[in-house]
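Take a look at the structure set out below.
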Amino acid sequence: METKKQVSETTQDAKDIAAVEDRRPLFFGLGFGILFGFLLHKGGATKYDVIVGQLLLTDFTVLKIMLSAVVTGMIGIYFMKSLGWIKLSLKSGSVGKNVIGALIFGVGFAVLGYCPGTIAGAIGNGYLDAIVGGLAGILLGTWIFAVMYPKLKDGILKMGDFGDITIPRLLKVNDWVVVVPAVALIVLLLFWIERAGF
Amino acid sequence: MDTIASIFTDTYWSPYIVGIGIGVLSWLSFLISGKPIATSTSFAQTGGIIENFITGGKADERPYYKKIKLKINWQWMLVVGVVLGSFLSAIISGDFKVGVWVPSLWASAFGDSAVLRVLVALAGGVILGFGARFAGGCTSGHGISGTLQLAVSSWVSAIFFFVGGIITAHFIYLVIA
């Protein structure tokens, strides 16, 4: 009896631990999201005027945020990759997806004035056009894609497929041969944007 | 003490500080969760969950939803976190908007009709949501997380996001307005 009870308790403990382990990623996701949303708001990227100002080339806040994130991120990610601490997580690509799909995205980006990440921020910021119009539209748009997916997946989405490669792999060079010049070019571009008075 | 507190109650930070912060966040996200920061799949999952709710499980049959899996996961919680984080920053800096339907830039060109703005936002959202899943990512997944990994798919996407966006924004504000 005693041992049986112990066994069932241990399995219950194991189940509880598994349940807690299972939920841990959700808490980390929430935490990273809170920090991301906090930063997006502090950057002004939760505002239609700032985002559309970027697309009208009158306000370069969005580009400054994105490029400094990319430079910082790239150095750290490739450093950690070279130490074997992390693995890259790459999206496979094709001309159909990343040219045609991205152009469609760009049209929606300008018409809505928010993107999927910044609309979540705009909702937190209280903008009602984002909550009532934009969010409903995005959900509907992704659903239309899901409905059309069987027709698209072997056609246009595969057109000009190039897989999940990185620029260093494409050029067949060491990662740092691309990282160092890319960082230098982006930093120069940011200096140039500042000097041009944007 | 006063200055430390005022950092958090400031509405705006330098875009470079914000960008570096997001970059550091991407390190932690890779290191701790093994995942890049991305948001648009969560909207697709939500759409599928809503379809399931309405139809009693029809979305589960769709190949796309089988592929992305309709469940509350790390990335879905990340998007919830973005709403909360932005809300937190907006509240403590006195920037939370109440009753704002029409952004001022939009109003300067198209007037302050809430109905017009909501309808246009709805249409824009449909195009954006469709395009995000078509491209396999958005401004965060491709534009930041993918480009910082030097993914070819993401650099191509990021460039064409802005090509499409810049042309369309100029068309809206210089031709239509």
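Brief remarks on what is shown
- Rounded to the nearest 20 debye, the dipole size of chain B about its Cα centre is 680 debye, using +1 on the Cβ of Lys and Arg and -1 on the Cβ of Asp and Glu.
- For chain A, calculated [θ]222 nm from helices alone, where every DSSP H run of n ≥ 4 adds -39500 (n - 2.57): -23000 deg cm²/dmol
- Among A:133, A:121, A:44: highest mean-square fluctuation, GNM of chain A, C-alpha pairs under 10 Å: A:133
- Span from the region A:128-190 Cα centroid across to the region B:35-67 one, whole angstrom: 19 Å
- Inter-label distance for residue B:60 and residue A:188, nm, one decimal - labels placed 7 Å from Cα along Cα-to-Cβ: 5.6 nm
- Just checking the listed ones, A:52, A:99, A:183: in the Gaussian network model of chain A with Cα springs under 10 Å, the one fluctuating most is A:99.
- Computed helical MRE - 222 nm, chain B, DSSP H runs ≥ 4 contributing -39500 (n - 2.57), nearest 500: -20000 deg cm²/dmol
- Amide H contacts under 5 Å for residue A:166, placed H, 5+ residues apart: B:152
- Taking label points 7 Å from Cα along the Cα-to-Cβ direction, residue B:97 and residue B:175 give a separation of 2.6 nm.
- Each residue of region B:128-139 was assigned a 3J(HN,Hα) from its phi angle through the Karplus curve 6.51 cos²θ - 1.76 cosθ + 1.60 (θ = phi - 60°); the sequence is 5, x, 4, x, 5, 6, 4, 7, x, x, 10, 5 Hz, with glycine and proline shown as x.
- Amide H contacts under 5 Å for residue A:161, placed H, 5+ residues apart: A:95
- Burial ordering of B:140, A:68, fewest other beta-carbon atoms within 10 Å first: A:68, B:140
- With the biggest extent put first, the Cα atoms of chain B measure 53, 45, 35 Å across the principal axes.
- Convex hull volume of the Cα atoms of the protein assembly as shown, normalised per residue: 189 Å³.
- Note, ³J(HN,Hα) from phi for region A:124-134, Karplus 6.51, -1.76, 1.60, rounded to Hz, x at Gly and Pro: x, 7, x, 6, 6, 5, 6, 6, 7, x, x
- Rg to Rh quotient for chain A, alpha carbon positions, Kirkwood Rh: 1.07
- Approximate spin-label separation residue A:170-residue A:79, in nm, with each point projected 7 Å along Cα-to-Cβ: 2.6 nm
Here, each number is a calculation from the coordinates, and none is a lab measurement. Just so we're clear, the structure is a prediction, and the values are computed from it rather than from any experiment. Note: ideal-geometry Cβ built from the backbone for every residue, glycine included; neighbour counts use all protein chains shown.
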